[in-house]
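Take a look at the structure below.
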Amino acid sequence: MSDITWHRPEFQGKDDQLVSLAGVAVFAGVTRAAVSNWRKRHDFPKPVMTAGRTVWVVRTEAETWLASRSTQSATDTETKRAALEAREARQAIALATTRKKLRELRQQH
């Protein structure tokens, strides 16, 4: 079970606009460690939320940031976008489950 912390509360309830750093890695075709390095060394988009150890950013901000540094082909981008969308769907289910468990715990106390 993980706690959820909002760093940019204006995005609460807008989960469809968010992507995890692991999702950014899938889209960019790099490792999760590479994305962590980008966060430390570059003007990477600011975190919106953390759920446990998972960090989420605004998808369009991440896409814009990547596009400003990318030379990949349109086909490659479309393939990566499809993989990212599949991962996001799985993460949305996990996030909803985490939120449900948090509500249940709060109701018990």
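The values are calculated or read from the model by the stated rules, or taken from the named source; none is laboratory data. In this text the structure is predicted, and so the values were computed from the model without any measurement. We place every Cβ from the backbone using ideal geometry, glycine too, and count neighbours over all the protein chains shown.
Kindly indicate whether R59 is basic (K, R) and crowded, with 17+ Cβ neighbours inside 10 Å.
Numbers: basic (K, R): yes; crowded, with 17+ Cβ neighbours inside 10 Å: yes.
When the stated conditions are applied, R59 passes them.
Which numbered condition trips up D43, out of (1) surrounded by fewer than 20 Cβ atoms within 10 Å (Cβ to Cβ); (2) in a helix (DSSP H, G or I)?
Condition not satisfied by D43: (2).
Yes or no, residue by residue, for (1) in a helix (DSSP H, G or I); (2) modelled with pLDDT under 80:
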| residue | (1), (2) |
| --- | --- |
| G13 | no, no |
| A22 | yes, no |
| V26 | yes, no |
| V35 | yes, no |
| L66 | yes, no |
| K101 | yes, yes |
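Could we say that V24 is in contact (Cβ under 8 Å) with a residue 12 or more places away in the chain and surrounded by 13 or more Cβ atoms within 10 Å (Cβ to Cβ) here? Quick ask: steps written out before the conclusion?
Details: in contact (Cβ under 8 Å) with a residue 12 or more places away in the chain: yes; surrounded by 13 or more Cβ atoms within 10 Å (Cβ to Cβ): yes.
In short, yes.
Could you list, in sequence order, all residues of the range 27-40 that are free of Cβ contacts under 8 Å to residues at least 40 places away in the same chain and either surrounded by 11 or more Cβ atoms within 10 Å (Cβ to Cβ) or on the phi > 0 side of the Ramachandran plot (or both)?
Step one: of the range 27-40, the residues free of Cβ contacts under 8 Å to residues at least 40 places away in the same chain are 30-40.
V30, T31, R32, A34, V35, S36, N37, W38, R39 - these are the residues of the range 27-40 that are free of Cβ contacts under 8 Å to residues at least 40 places away in the same chain and either surrounded by 11 or more Cβ atoms within 10 Å (Cβ to Cβ) or on the phi > 0 side of the Ramachandran plot (or both).
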